[in-house]
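To start, I am sharing the structure in question, which I have written as structure tokens.
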Amino acid sequence: MASLSDAHTRRVFLKLTAAGAITLATAGAAFANPADVETLIQKMTGGKKPSEGRITLDLPTIAENGLVVPLGFDVQSPMTENDYVKSVHIFAESNPNVQVADYTFTPLCPKAAIQVRMRLAQTQRVTALAIMSNGDAYIARKEVKVTIGGCGG
Amino acid sequence: MALTVTPRVRMPKTAKAGDVVEVKTLISHDMESGYRKDSTGKLIPRHIINKFTATFDGQEIFSVDWHPAISANPYQSFYVRVPKTGLFEFTWFDDNGTTYKAQQQVTVS
């Protein structure tokens, strides 16, 4: 009967795949993941849960070229000495480095709105986090489909 | 790396007091992400512009920290208020310690 040797090869195979999975996991560690974004958001808001709204995120639904993806945002705020947008942070959760840009505004800015060009490695969700002068946090997210990836390669 | 890094700024030269104007900036730079490999498979070291600031008469009004996910030849637009005649200065900070500057005098009529 071949069952004994079958069982043996299966055991060897399982051992090998297990080892393979570990190698893959370590290799994957070089790439960031969505959890990193949540950790960064927690750190920037001081644990406060950001609310939806006030941010208009201007991103294409489909980006033909991941190397140059136009990104714009506009955060609703009176931009006065007592009530203004302190900072806006942009994250791309499936890029090698999830951080894209960190904007610092002052009451001297008439509005917290910008346009920039960013790289996206693959189809993913882009997050904008706005921190107000009173500590309130707002969040907006948008999924962008990338046809040709940017970063690396 | 481009031979020369040229910063460009486009904004009105005259405005009414209190006007809100859009500033458009562009700088030629490879923004090497540090994640690309050369033909021999070796990682190309990171070399980007990591910070941009805008000041009016020496006072900072806007700044941004850039990460490798910013495209080559970074374009950045934003809005400023022109309270009076004065000098807008723009500075880009390179990873290698170099700074690139541009300025624009705006006259309030």
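The values are calculated or read from the model by the stated rules, or taken from the named source; none is laboratory data. These numbers come from a predicted model, not from an experiment. Note: ideal-geometry Cβ built from the backbone for every residue, glycine included; neighbour counts use all protein chains shown. Just the protein is used for accessible areas: all its heavy atoms, side chains included, with ligands, DNA and RNA removed. Shrake-Rupley method; radii C 1.70, N 1.55, O 1.52, S 1.80 Å.
Near B:LYS51, which aspartates and glutamates are there with a Cα under 19 Å away, not counting those fewer than 8 places off in the same chain?
Partners within reach: A:ASP102, B:ASP30, B:GLU32, B:GLU60, B:ASP65, B:GLU89, B:ASP94, B:ASP95.
Taking all protein chains as present, what is the carbon and sulfur share of the accessible area of the range A:34-148, in % to the nearest whole number, probe 1.4 Å?
That share works out to 50 percent.
Lysine pairs in the range A:34-148 with Cα distance under 20 Å, only those 8 or more apart or on different chains: how many are there?
5
I'd like to check one number: the per residue accessible area of the range A:34-148, probe 1.4 Å, reported in Å² as a whole number.
Averaged over the residues of the range A:34-148, the accessible area is 43 Å².
Could you work out how far apart the two model spin labels at B:THR4 and A:ALA35 are, taking each label as a point 7 Å from the Cα in the direction of the beta carbon, and quote it in nm?
Going from the B:THR4 label point to the A:ALA35 one covers 5.0 nm.
Just the C-alpha atoms of the range A:25-104: what Rg/Rh do they give, with Rh taken as the Kirkwood radius? Walk me through the numbers before you get to the answer.
Details: Rg = 15.0 Å, Rh = 14.8 Å.
Radius of gyration relative to Kirkwood radius: 1.01.
For the range A:46-85, state which GluC sites (Glu not before Pro) are in a DSSP loop and have at most 11 other beta carbons lying within 10 Å of their beta carbon.
Qualifying residues, ordered by number: A:GLU81.
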